[in-house]
Amino acid sequence: MNPYLDDDLVSLADHARRYATDRVAPGFQERDNTRVLDRRLMREMGEMGFIAPELPEEYGGQGLGVLAAGVIHEEIARADLSISYINLLASLNGQILSQHGEPEIVQPWLTRLTRGEALLAIALTEPRGGSDAANLRLRIERDGDTYILNGEKTSISAADQADAAVVFGRTGSVESAAHGVTALLVPMDLPGVTRNRFDCHGQRAIGRGSIFFENVRVPVSHRLGDENKGFVQVMQGFDYSRALIGLQVLAVARVALEETWAYVAERQAFGKPLSAFQGVSHPLADYDTQVEAARLLCLQALWLKDKDLPHSAEAAMCKWWAPKLAYDVVHQCLLMHGHGGYDRGVMEQRLRDVLGFQIGDGTAQIMKTIIARTRAGRGAVPA
């Protein structure tokens, strides 16, 4: 019995798991090798209502709570973490567009997004700063009814595959920090936009890369939130994505544990199953306990958001704890499989995939600072 999941959500999760098992899991390793995101799967997920179901119906969603998006998200991630990026980016960008965009501009994009016909990136990080997210150098200058963009974004998920991006840039002075940042919805086919792709350790189907802007003209109507307030207003949506990331990586840890428990119960050594040895079973029991607790924390954060209650600290807890825990769990499971786990295969790929979340979307140190400021007050934990 899970206190956050009612019968409808459990049924939704079962439905998503059947789809993910049948359609997503079989191509898991092939997509890692080819580094190609399967757009056919994305459209299928859209047709089944698996992409951003929390969005209002007028934007192509189903008006469900964010817990519904969460249970779908973790089932897709069980099968392929890279494919589950479709869900993550859609939920984060969908919330930003629906809450801060001009309806006539964002509605067509949101409809394509929920149908699985468009992929949107979030373009925040720059070469000069990752954790110092407000220290932006990409310039956004007003010219009548358009903005002109010049600069670079880097380490952007789906950089070379996205159809559009939510781009953060500086409209105010450098000294104004977070209060001089504006966010825009930028189609990636505009003149002056170029992109590349990195050779990353994991998450290779979704990929990461840089986006370059050279005198890119974007209509003022594509602004998200108020001018100079994009960072303060739009960044609030990251609490939601942090809880989703927790479920995403823990789903990988959970399936790794399930497979490893089955393996050690079957594999024999010294006339006994490996699970008979406490050196094998106790570490798995320890990690199983922690994964269950971390998952409840992630579901709690989404439950709080559904209730329109504060959840910044809980979301930050999800973001720093779950990726580290998931990596440790998959690492242990790989070791339990011996040389078979170390060989290039499913367990090895999972280890590479979850590692990146200890870096991207907010490091553990930043998340702990958020928690400290929430508990002690921002004035007691200055920058």
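The values are calculated or read from the model by the stated rules, or taken from the named source; none is laboratory data. Keep in mind it's a predicted model, so treat the numbers as computed, not measured. Ideal geometry is used to build each Cβ from the backbone, glycine not excepted, and the neighbour counts take in all protein chains shown.
Just one of the listed residues (LEU55, LEU81) is surrounded by 24 or more Cβ atoms within 10 Å (Cβ to Cβ) and more than 17 Å from TYR19 (Cβ to Cβ), namely LEU55. Applying the criterion of at least 1 residues that are charged (D, E, K, R), surrounded by 17 or more Cβ atoms within 10 Å (Cβ to Cβ) and touching a residue at least 60 places away in the same chain (Cβ under 8 Å) to the helices (runs of 4 or more DSSP H) found wholly in segment 324-383 leaves 346-355.
Taking (1) surrounded by fewer than 21 Cβ atoms within 10 Å (Cβ to Cβ); (2) modelled with pLDDT under 95; (3) out of contact with any strand residue (DSSP E or B) (no Cβ under 8 Å at 6 or more places or on another chain) in turn, ASP239 satisfies each apart from (1). Being within 28 Å of TYR85 (Cα to Cα) and in a helix (DSSP H, G or I): is that true of LEU309 here? Against the criterion (within 28 Å of TYR85 (Cα to Cα) and in a helix (DSSP H, G or I)), LEU309 does not qualify.
Inside segment 36-94, can you point out the residues that are aromatic (Phe, Trp, Tyr) and under 12 Å from the mean Cα position of the chain (by Cα)?
Result: TYR85, single match.
Looking only at segment 179-224, residues that are under 22 Å from the mean Cα position of the chain (by Cα) and of a type outside the set (Val, Ile, Thr) come to 21 in all. Filtering VAL264, VAL234, VAL280, VAL255 for residues that are more than 19 Å from GLY65 (Cβ to Cβ), modelled with pLDDT under 95, part of a helix (DSSP H, G or I) and more than 12 Å from the chain's Cα centre (by Cα) leaves a single hit, VAL234. Looking at HIS73, HIS100, just one residue is in contact with a strand residue (DSSP E or B) (Cβ under 8 Å, 6 or more places away or on another chain) and in contact (Cβ under 8 Å) with a residue 60 or more places away in the chain, and that residue is HIS100. Among ARG39, ARG18, which is the only one that is of a type in the set (D, E, K, R) and within 30 Å of ASP199 (Cβ to Cβ)? Sole residue among the options that is of a type in the set (D, E, K, R) and within 30 Å of ASP199 (Cβ to Cβ): ARG39.
Among the residues of this structure, ASP239 does not count as one that is over 22 Å from the mean Cα position of the chain (by Cα) and part of a helix (DSSP H, G or I).
Counting only helices (runs of 4 or more DSSP H) that sit wholly inside segment 24-116, those with at least 1 residues that are modelled with pLDDT of 95 or more are 39-47, 66-79, 81-100, 103-114.
Scanning segment 115-124 for residues that are in contact (Cβ under 8 Å) with a residue 60 or more places away in the chain and surrounded by fewer than 24 Cβ atoms within 10 Å (Cβ to Cβ) gives ARG115, GLY116, GLU117.
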